[in-house]
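Let me begin by handing over the structure; questions about it come next.
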Amino acid sequence: MIDHGLEDMDERLATGKPEIGTIACHVERLGEDMVRLTVSDDGRGIDVARVLAKAAEKGLVASDPVADMAPEAVFELLFRDDFSTRDEVSLLSGRGVGLAAVRAETERLGGTVRVRSEVGRGSQFVFTLPLFPDEALCGTPRMAA
């Protein structure tokens with residue numbers, strides 16, 4: 001979120017935002033055995049057209065029907081191995097492994113992740129995870145209550 005989501009200070013000020021961006025984390029218990037973790041930013045949001053253009057450039061989607069894709073389907077492209085919207089690799093991003101690894105680990109734990117985003121307002125990554133992962137997954141026996 002720091003590298004992809006938040007604008008630099010000048011861009012934030014030009015759009016009427018505070019010069020320092022915000023990344024927030026909210027945890028909510030869902031019943032006895034689930035938790036929802038929401039990580040959000042107040043950054044630029046995900047540019048669906050840019051993601052689609054990069055996906056078409058890499059041959060992941062056909063270039064003509066991309067305008068018909070729902071934003072949720074476009075956000076799913078972000079979790080593909082070797083997919084990045086960056087033109088150049090930096091110390092923090094551009095390799096196309098970050099979100100793919102996040103999704104793989106989330107699913108390994110028995111959870112799900114979905115994305116919400118609004119251009120100019122920011123993005124949210126919403127994780128639904130088991131509160132007590134299966135012992136085989138985490139390697140630590142669960143304590144009886």
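The values are calculated or read from the model by the stated rules, or taken from the named source; none is laboratory data. Keep in mind the model is a prediction, meaning the values are calculated, not measured. Reconstructed Cβ throughout: ideal geometry from the backbone, glycine too, with neighbour counts over all protein chains shown. Note: accessible area is taken over every heavy atom of the protein model, side chains too, but ligands, DNA and RNA are not part of it. Shrake-Rupley method; radii C 1.70, N 1.55, O 1.52, S 1.80 Å.
Are there any pairs, at least 6 apart or on different chains, whose C-beta atoms fall under 7 Å, with the first in the range 99-112 and free of Cβ contacts under 8 Å to residues at least 24 places away in the same chain and the second among the charged types (D, E, K, R), and if so, which?
Going by the 7 Å Cβ cut-off, the qualifying pairs are Ala100/Arg80; Ala100/Asp81.
What are the residues in the range 104-128 that are farther than 22 Å from Pro18 by Cα, among the hydrophobic types (A, V, I, L, M, F, W, C) and open to solvent by 50 Å² or more (accessible area, probe 1.4 Å), if any?
Listed by number, the list holds a single entry, Ala104.
Tally up the residues in the range 22-72 that are within 15 Å of Gly120 (Cα to Cα), open to solvent by 60 Å² or more (accessible area, probe 1.4 Å), hydrophobic (A, V, I, L, M, F, W, C) and in a helix (DSSP H, G or I), please.
Of the residues in that region, 1 qualify.
Can Asp47 be described as at pLDDT 85 or above, charged (D, E, K, R) and in contact with a strand residue (DSSP E or B) (Cβ under 6 Å, 6 or more places away or on another chain)? Write out each step before concluding.
Values: at pLDDT 85 or above: yes; charged (D, E, K, R): yes; in contact with a strand residue (DSSP E or B) (Cβ under 6 Å, 6 or more places away or on another chain): no.
Spelling it out, it is not the case that Asp47 is at pLDDT 85 or above, charged (D, E, K, R) and in contact with a strand residue (DSSP E or B) (Cβ under 6 Å, 6 or more places away or on another chain).
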